[in-house]
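This report concerns only the one structure given below.
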Amino acid sequence: MILLKLLSRSNWGIILAAFCFINYSPGMTLANTESVGWVDAKVLSDAVRVVEEIDVMRSKLAKSIDPEEIKVDQETFAMVCKPVGMQAKKIAQKKGWKFRQLAMKYRNPKNKADHQGIKAMEKFKGEPELQGFWTIESKLGKKGFRYFKRITVEPACLNCHGKKENRPDFIKSKYPDDRAFGFSSGDLRGVYSISFLEK
Ligand code: HEC
């Protein structure tokens with residue numbers, strides 16, 4: 001377990017940790033492994049890479065907004081979380097993955113965390129240095145892998161996820177049941193989740 005924890009501090013560690021866990025063979029390395037059961041090893045590392053890219057994309061877009069210069073409105077939204085959601089959807093469709101962003105304090109009810117998502121968020125809260133981890137999940141009698149990565153609030157996110165009263169008007173009107181406010185920089189905002197089920 002200690003080995004798994006140490007390894008999980010880097011992306012490759014996460015993958016390697018998943019391999020060791022799944023195969024019960026701690027000596028195995030990525031180099032000599034081509035598949036983990038029914039999943040190609042490359043698919044697992046690809047998933048981790050894609051999630052990182054999506055996270056960097058949102059961070060860059062959020063930083064590009066300066067509320068002093070532009071009014072944060074519907075059009076600005078089109079420049080931050082919307083393209084992120086669209087990109088995640090596009091990749092998921094192309095690759096055949098289930099790729100979601102989940103939150104307990106969600107803005108779009110479609111992103112409400114399921115039971116496993118809530119458990120993942122609790123794990124991230126309890127282990128502040130943990131960035132991502134794999135779990136094994138079964139659904140409808142099929143085996144599956146699921147990867148979770150933490151989503152952290154940055155100062156630039158507070159334009160739209162900060163104080164309730166400071167939210168842009170379009171958010172107040174478009175999301176009447178909004179719960180995704182009141183965050184501070186460094187808080188856990190939610191998780192990315194990618195899952196694969198046995199075909
Ligand atoms: C311009 C306003 C704006 C900024 C800046 C912004 N967000 Fe969002 N965010 C939104 C809106 C609006 C939604 C709802 C999207 C939808 O309808 O799917 C959202 C949704 C999300 C979601 C999906 C879960 C949910 O609650 O529905 C996450 C996760 C998220 N934002 C994280 C962030 C992070 C992290 C940052 C900073 C790096 C950030 N956001 C910056 C407006 C913003």
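The values are calculated or read from the model by the stated rules, or taken from the named source; none is laboratory data. The structure displayed is predicted, hence computed values, not measured ones. Positions of Cβ are backbone-derived with ideal geometry, glycine not excepted, and every protein chain shown enters the neighbour counts.
Worth pointing out:
- The range 170-196 residues that are on the phi < 0 side of the Ramachandran plot and surrounded by fewer than 18 Cβ atoms within 10 Å (Cβ to Cβ), paired with ones that are in a loop (DSSP other than H, G, I, E, B) and of a type in the set (A, V, I, L, M) (beta carbon under 9 Å, 6 or more apart): PHE170/VAL72; ARG179/MET104; SER184/VAL153; SER185/VAL153; ASP187/VAL153
- Sole residue being over 23 Å from LYS82 (Cβ atoms), among the aliphatic types (A, V, I, L, M), in contact with a Ser or Thr (Cβ under 9 Å, 6 or more places away or on another chain) and buried (at least 19 other Cβ atoms within 10 Å of the Cβ), chosen from ALA156, ALA120: ALA120
Yes or no, residue by residue, for (1) more than 12 Å from the ligand (Cβ to nearest atom); (2) closer than 23 Å to ASP40 by Cβ:
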{"site": "MET104", "(1), (2)": "no, no"}
{"site": "HIS115", "(1), (2)": "yes, no"}
{"site": "ILE118", "(1), (2)": "yes, no"}
{"site": "SER173", "(1), (2)": "no, no"}
{"site": "ARG189", "(1), (2)": "no, no"}
{"site": "PHE196", "(1), (2)": "yes, yes"}
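- Any hit, the range 183-199, residues being modelled with pLDDT under 95 and of a type in the set (D, E, K, R): yes
- Test: residue in the range 149-165 that is touching a helix residue (DSSP H, G or I) at 6+ places or on another chain (Cβ under 9 Å) and of a type in the set (Ser, Thr, Tyr): yes
- Residue within the range 133-150 that is without any contact (Cβ under 8 Å) to a residue 60 or more places away in the chain, more than 16 Å from the ligand (Cβ to nearest atom) and out of contact with any strand residue (DSSP E or B) (no Cβ under 7 Å at 6 or more places or on another chain) present: yes
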